[in-house]
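The values are calculated or read from the model by the stated rules, or taken from the named source; none is laboratory data. Not measured: the values here are computed from a predicted model. Cβ placement follows ideal geometry from the backbone for every residue including glycine, while neighbour counts extend to all protein chains displayed. All accessible areas refer to the heavy atoms of the entire protein, side chains included, with ligands and DNA or RNA removed. Shrake-Rupley method; radii C 1.70, N 1.55, O 1.52, S 1.80 Å.
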Amino acid sequence: SDSKKEMSIEDQLAAEAEELDGYFSDTPLDPKPKYPPLNKSFDAAIIILNLPKVPEAKLEKLTKVVMKLVSRIGNLAVNEDTGFGGVLMPFNSEKGSTEGFAFCEYETPEEAKNAIGVLDGYKFDKNHSLSVCPYNRAEKLQDLKDTEFVEPERPPFVEKPNAMSWLEDPSQRDEFVIRYGKETSVYWYDARNDPVPDYSGEREKEAGVSWCEYYCHWSPKGSYLATLVPARGVILWSGATYEKVGRFVAPDVRTVLFSPQENYMITNNMRFDDDTAIKVYHVQTGKLLRAFPLYPDNFPREDNIPPPPFQWSHDDNYLARMGKDLISIYSTPSMRLLDKKSLLAEGI
């Protein structure tokens, strides 16, 4: 209105305040900014080593290739304000090339841990196989003081049980294992006389533990007897006195499968809801090499269709699995997909 135009700004504000009197609280305002906690741990960051060293002209292209590779594993910690895209590849201006490594940061520590497992040992090209470590580990190495190296003391040699002892039986007998009720027993047998008990877990019974609760399985050459205790996983026994030579963590395990040369073992808990239902272990070291869901992607999940099987090569060098119109072949011990792609097999 014309009257308001004639009023000064101060008078207008005073008039508006008078009109709104009673709508405002008398509580004094003291706004304080709430910042998110600052993460100083770098537990979601990794360092990728053994990358190709390229000149500045190829820096952008190499960075894009690395970003495409790491972004398949998890979400990168992108910062639009700083322009950080999740990957930083140092460039040495004096040498005129990259340094052969890159920093990579994910949104979560779990994604970073998974990236280490997937990328460590990954064949980037014909001349470079990647080596990956947590950023925190590099920080610790940086803080190490220069001291005289002290060679660690070698542990005493412990002879492993003779896995082929059953072949040295003077009566040339074979062995079989039987599970009945809550008992698991191994017997000698020669097809002419009655079976003779060899071992029934007496040592474990005295200790108040069970050496088998669900299922047992011989390895192909008879070197190991695998017994399943679902709460603890798989236990391997070997030698003339059935000594424990390995334990593999596999909750709710239901079946096991050895490779023909007994270098590897597959465990399966048959759970639909577990992305790591199937695990592949290296027998000698107990190392988990890779885990798979019960069904591959796009494979029909019906009650009358069992999970697609795995098949070992005769020399343990390859492990194949059937998928939807394809076959995936993994090379050991890296368990990387052979040639980085599956073989098309329509209608298999």
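Couple of notes before you dig in:
- Among the protein heavy atoms of region 270-345, carbon and sulfur supply 53% of the accessible surface, probe 1.4 Å, non-protein parts ignored.
- Summing Cβ point charges (Lys, Arg +1; Asp, Glu -1) relative to the Cα centre of the chain gives a dipole of roughly 1820 debye.
- Between E346 and N114, the simple label model (points 7 Å from Cα in the Cβ direction) yields a spacing of 3.3 nm.
- Residues of region 277-298 with amide N under 14 Å of the 7 Å Cα→Cβ point at D325: 298
- Trypsin sites (Lys or Arg not before Pro) restricted to DSSP loop in region 176-209 with at most 12 other C-beta within 10 Å: K182, R192
- Normalised radius of gyration (Cα atoms, divided by 2.2 N^0.38 Å) for region 55-145: 1.13.
- Taking 0.36 nm per residue of separation and subtracting the current Cα-Cα distance, fully stretching the chain between T241 and Y214 would add 7.6 nm.
- Residue pairs, from the table K53/K113; K123/K279; K221/K279; K95/K140; K53/K140; K221/K340, whose Cα atoms sit over 30 Å apart: K221/K340
- Qualifying aspartates and glutamates (Cα of each under 17 Å from Cα of K341; at least 8 residues distant if same chain): D125, D297, D325
- In the chain, the DSSP-assigned H stretches of four residues or longer account for a calculated mean residue ellipticity at 222 nm of -4500 deg cm²/dmol, using -39500 (n - 2.57) per stretch and the full residue count as denominator.
- At a probe radius of 1.4 angstrom, the accessible area of the chain per residue rounds to 68 square angstrom.
- The convex hull of the Cα atoms of region 114-195, projected and averaged over all directions, covers 14.2 nm².
- The portion of the accessible surface of region 166-216 made up by carbon and sulfur, rounded to a whole percent, is 50 (1.4 Å probe; DNA, RNA and ligands excluded).
- Estimated at the nearest 10 Å², the accessible area of S328 is 20 Å² with a 1.4 Å probe.
- Using the Stokes-Einstein relation with a Kirkwood hydrodynamic radius computed over Cα pairs, the translational diffusion coefficient of the chain at 4 °C and a viscosity of 1.567 mPa s comes to 49 µm²/s.
- Peptides ranked, highest mean first, by Cβ atoms within 10 Å: ranges 8-17, 157-166, 315-324: 315-324, 157-166, 8-17
- Region 133-164 versus region 234-280: alpha-carbon centroid distance in Å: 27
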